[in-house]
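Report on one structure; see the data block that follows.
The values are calculated or read from the model by the stated rules, or taken from the named source; none is laboratory data. Keep in mind the model is a prediction, meaning the values are calculated, not measured. Positions of Cβ are backbone-derived with ideal geometry, glycine not excepted, and every protein chain shown enters the neighbour counts.
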Amino acid sequence: MILKAAVLATLLLVAVATPGLAADAKPVPRVAFLGFALINTSLEPTRPDEEKRLQMLGDLLRDKLDASGRFEMVPIPPEQQPAIAAGPEIRNCNGCERDYAKRAGADWAAWGTVQKVSNLILNINLYMEEARSGKMEFAKSVDIRGNTDESWRHGLDHMIRHNLLNQP
């Protein structure tokens, strides 16, 4: 009984010593990721390995955000996927991303693009916006050099760690 009282007193002391800890805690945003698209402005045709890399980036993003504990990834319902695939590109759909996110039960919509200028110069762009208001919560671009699995992975990983999660 005395031990329980001591433990409770210690927990109370910790709570009092860190004012606003619970009050500052923000709810974890539920994020619907709508995929990466390739914007090929190079003089070369899009290759199958580049299409596979778009999927690779999506998987990496979902895994990293889920593992961070700062986001909860919400899957796109299977019945919604054909409409997304048949519709306009997310980056030019005039707000459809917010509707898709809300229908999936998410707070935020996320999507990305990879712009291929050449096989040497590419950039990865990631966008996250609040589904109800349309407020942009995150928008960042990172340039990468080289058109390989490793360069794409490294570029997105760098953006996530240093810009989205603010880790060293």
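The table below lists the values:
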| item | result |
| --- | --- |
| Residue selected from the range 41-55 under the condition buried (at least 16 other Cβ atoms within 10 Å of the Cβ) and either of a type in the set (A, V, I, L, M) or not in a helix (DSSP H, G or I) (or both), by the criterion nearest to the chain's Cα centre (by Cα) | 54 |
| Condition check for residue 82: more than 20 Å from residue 132 (Cβ to Cβ) and part of a helix (DSSP H, G or I) | yes |
| Complete set of residues in the range 97-123 that are part of a helix (DSSP H, G or I) and touching a helix residue (DSSP H, G or I) at 6+ places or on another chain (Cβ under 7 Å) | 97, 100 |
| Breaking point among (1) surrounded by 15 or more Cβ atoms within 10 Å (Cβ to Cβ); (2) touching a Leu at 6+ places or on another chain (Cβ under 7 Å), for residue 107 | (2) |
| Qualifying residue in the range 23-36 (condition: modelled with pLDDT under 55, small (Gly, Ala, Ser) and in a helix (DSSP H, G or I)) | yes |
| Any chance residue 126 is outside any loop (DSSP other than H, G, I, E, B), closer than 14 Å to residue 33 by Cα and either touching a strand residue (DSSP E or B) at 6+ places or on another chain (Cβ under 9 Å) or among the acidic types (Asp, Glu) (or both) | yes |
| Residues satisfying the stated conditions in the range 116-137, i.e. exposed (fewer than 14 other Cβ atoms within 10 Å of the Cβ) and under 13 Å from the mean Cα position of the chain (by Cα) | 136 |
| Which listed residue is among the aliphatic types (A, V, I, L, M) and farther than 13 Å from residue 113 by Cα, from 38, 60, 54 | 60 |
| Any hit, the range 66-83, residues being of a type in the set (Gly, Ala, Ser), over 20 Å from the mean Cα position of the chain (by Cα) and within 15 Å of residue 104 (Cβ to Cβ) | yes |
